[in-house]
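Contents: one structure, followed by commentary.
The values are calculated or read from the model by the stated rules, or taken from the named source; none is laboratory data. Small disclaimer: the values here were computed from a predicted structure and weren't measured. Methodologically, a virtual Cβ is constructed for each residue, glycine included, from the backbone with ideal geometry; neighbour enumeration extends over all protein chains shown. To get the accessible areas, we keep the full protein, side chains included, count just its heavy atoms, and leave off ligands, DNA and RNA. Shrake-Rupley method; radii C 1.70, N 1.55, O 1.52, S 1.80 Å.
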Amino acid sequence: MSADPNGLLQQLVDRQQIVDLVHAYCRNVDLVNAAEVAALFTDDCVVDYGPGLGEPTRGSAQLEDRLARGLPRFAATSHHVSNIDITFDTTPDGPDAADGVTYLYAWHRFPDHPATPDAHLWGQYHDRFVRTAAGWRIATRTLRVAGQEAFDVAWYPIGRRSG
Amino acid sequence: MSADPNGLLQQLVDRQQIVDLVHAYCRNVDLVNAAEVAALFTDDCVVDYGPGLGEPTRGSAQLEDRLARGLPRFAATSHHVSNIDITFDTTPDGPDAADGVTYLYAWHRFPDHPATPDAHLWGQYHDRFVRTAAGWRIATRTLRVAGQEAFDVAWYPIGRRSG
Amino acid sequence: MSADPNGLLQQLVDRQQIVDLVHAYCRNVDLVNAAEVAALFTDDCVVDYGPGLGEPTRGSAQLEDRLARGLPRFAATSHHVSNIDITFDTTPDGPDAADGVTYLYAWHRFPDHPATPDAHLWGQYHDRFVRTAAGWRIATRTLRVAGQEAFDVAWYPIGRRSG
């Protein structure tokens, strides 16, 4: 007899592992650990930070390279995530993939502070998670932005109704 | 034999459903989906955003109407919730109701930005959740505010000791 | 037969209790409930808010005294925590201790606002949690800071690579 006949416990465990993945992204970005960030993604991941920040990054090796070059341009960052909403695929064998939307409030300081003001971003990560042999990984990530302050490049919108 | 003799698993599942409800409120508010927000509340809900914002809203139909008129007055919003604290009622048959306190950091941009500065709110939702036939719903919500920037209307205080 | 042969459910319950502890800290700090904050810590706790704020506090009685004197110096605060990352000790008998890193975005208003501008802190609590007879408690807490605005005292850094 199974102790979890409906898979409820397994789904809670999977959810926690995905949440931990989302947190690990933030923490390693803020520490400028490019290799540790890249290891959270599938080998063939696609990461799109928005039209103002160039073409989407394809593959975790390219992502590591991009982050290793890009993150040191800040003097400091802090990525605060919340509102983590995870929807598992419904399959007969249980979930091996999930979609997620996570709210992000990110603070950025530049090396020439205070000449360049701190940049603030209020956005959302739209993610696809997959279970691999090594655990859950981020397969695709797209950043959508509700608004910014002192960070005025072109972003993907969150899809707000115009009223 | 039950796989969850003490109801611990069921309470974790209930908690996740309530957390998802709190997240769905934020996301649909930020998308200006007034009908989707109203559907998260009981038919006879009471929602009180504070004394500076008029009488409490009574019923989900009135809430939808209010949000459909009010939300488009912003150009953009982002509602970041965290510190979600849920206390289930203790009953012999398991929990069908719960109280919650959720921290809110909300960012608002106005159509005439930057003439009108962005408004920031650091507050708390004080909620009553009930289990209905259709799932968990918000029965009552009161917004309490620790502080604001450029959003100076009368709010309910959080109840800080004066020292 | 156990309904939780691998201890997965128990660990999720433990995790929720620790998360509730982290939230209770914030809520009681913001309410200036010094005794309620101190009760979340072990009797022999060590709390270190950073080199610019004096020697580490030793013991919950000293912590209560410090908070009772220090918190009223603000007119209002709001401590928003997220990215709560908990790692349980691995032991044969199940977890009785855990390490945690929690992101903090804290907003502070001073009594002479707006003469003194609001202070913002983007930081991390680095915690050690232990299970006591009365439940989970915080045994050690160190605040590390990614950045601040209008709050320029000496903090412990988060350990960012210099690039």
>> Are there any residues in segment A:147-163 with a reduction of at least 20 Å² in accessible surface when going from the isolated chain to the assembly of protein chains? Probe 1.4 Å, please list them by number.
In response: A:GLN148, A:GLU149, A:ILE158, A:ARG160, A:ARG161, A:GLY163
>> Can you list the copy-to-copy distances for C:GLY135, using a point 7 angstrom from Cα toward Cβ, in nanometres, shortest first?
In response: 2.9, 2.9
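Can you tell me the FRET efficiency between B:ALA97 and A:ASN6 if r is taken as the Cβ-Cβ distance and R0 is 25 Å, rounded to the nearest 0.05? Write out the running numbers ahead of the final one.
Numbers: r = 23 Å, r/R0 = 0.93.
It comes out at approximately 0.60.
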>> With a 1.4 Å probe and all protein chains left in place, how much accessible area per residue does segment C:61-119 have, in Å²?
In response: 44
> Roughly speaking, what is the centre-to-centre gap between segment C:44-64 and segment C:110-163 when only Cα atoms are used, to the nearest Å?
Replying inline: 13
> Ignoring any ligand, DNA or RNA, what whole percent of the accessible area of chain C comes from carbon and sulfur when the probe is 1.4 angstrom?
Replying inline: 51
> Amide H neighbours of A:GLY59 under 5 Å, counting only residues 5+ apart in sequence or on other chains, H built in-plane at 1.01 Å?
Replying inline: A:CYS45, A:VAL46, A:VAL47
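With Cβ to Cβ distances under 15 Å as the rule, what net charge do the other residues near C:GLY54 carry (K, R +1; D, E -1)?
Combined, the nearby Lys, Arg, Asp and Glu give +2.
Relative contact order (percent) for segment A:1-117, with alpha-carbon contacts under 8 angstrom and 6 or more residues of separation?
21
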> Looking only at B:PRO117, B:PRO92, B:PRO72, which one moves most when chain B is put into a Gaussian network model with springs between Cα atoms under 10 Å?
Replying inline: B:PRO92
> Among A:ASP20, A:ASP93, A:ASP118, which one shows the biggest mean-square fluctuation in a GNM of chain A, springs joining Cα atoms closer than 10 Å?
Replying inline: A:ASP93
>> About the Cα centre, and with charges only on the beta carbon of Lys, Arg (+1) and Asp, Glu (-1), how big is the dipole of the protein assembly as shown? Nearest 20 debye, please.
In response: 940
> What is the spin-label model distance, in nm, from B:ASP44 to C:ALA134 if the labels are put 7 Å beyond Cα along the C-beta direction?
Replying inline: 4.1
> If you take the charge dipole of segment B:27-163 about its Cα centre, with +1 on Lys and Arg Cβ and -1 on Asp and Glu Cβ, which of B:CYS45, B:VAL81, B:PHE151 is farthest toward its positive end?
Replying inline: B:PHE151
>> Taking R0 as 30 Å, what FRET efficiency do you get between C:THR87 and B:THR142 from their Cβ-Cβ distance, rounded to the nearest 0.05?
In response: 0.25
> Nearest 100 Å², what total accessible surface is buried between chain C and chain B (probe 1.4 Å)?
Replying inline: 2400
> How many percent of the alpha carbon pairs in segment B:34-77 exceed a separation of 17 Å?
Replying inline: 30
>> Which of B:THR102, B:THR140, B:THR132 ends up with the largest GNM mean-square fluctuation for chain B, with Cα atoms connected below 10 Å?
In response: B:THR132
>> What does the charge count around A:VAL153 come to, taking other residues whose C-beta lies under 15 Å from its C-beta (Lys +1, Arg +1, Asp -1, Glu -1)?
In response: -2
> C:ALA61 label points, 7 Å along Cα→Cβ, one per copy: pairwise distances from this copy to the rest in nm, shortest first?
Replying inline: 6.3, 6.3
> Label points 7 Å out from Cα along the Cβ direction at A:GLN16 and A:HIS113: separation in nm?
Replying inline: 3.5
>> Give me a comma-separated list of calculated 3J(HN,Hα) values for segment A:95-110, in order, Karplus coefficients 6.51, -1.76, 1.60 applied at θ = phi - 60°, integers in Hz, x for any Gly or Pro.
In response: x, 10, 7, 7, 9, x, 10, 10, 6, 10, 10, 10, 10, 9, 10, 9
> Label points 7 Å out from Cα along the Cβ direction at A:GLU36 and C:LEU53: separation in nm?
Replying inline: 2.3
> For A:ALA154, which inter-copy label distances result when the label point lies 7 Å beyond Cα on the Cα-to-Cβ vector, reported in nm to one decimal and in ascending order?
Replying inline: 4.8, 4.8
> Where Rh denotes the Kirkwood radius from the mean inverse Cα pair distance, what is Rg over Rh for segment C:85-163?
Replying inline: 1.13
> Residues with beta-carbon under 10 Å from that of C:ALA97, excluding C:ALA97: net charge, scoring Lys, Arg +1 and Asp, Glu -1?
Replying inline: -1
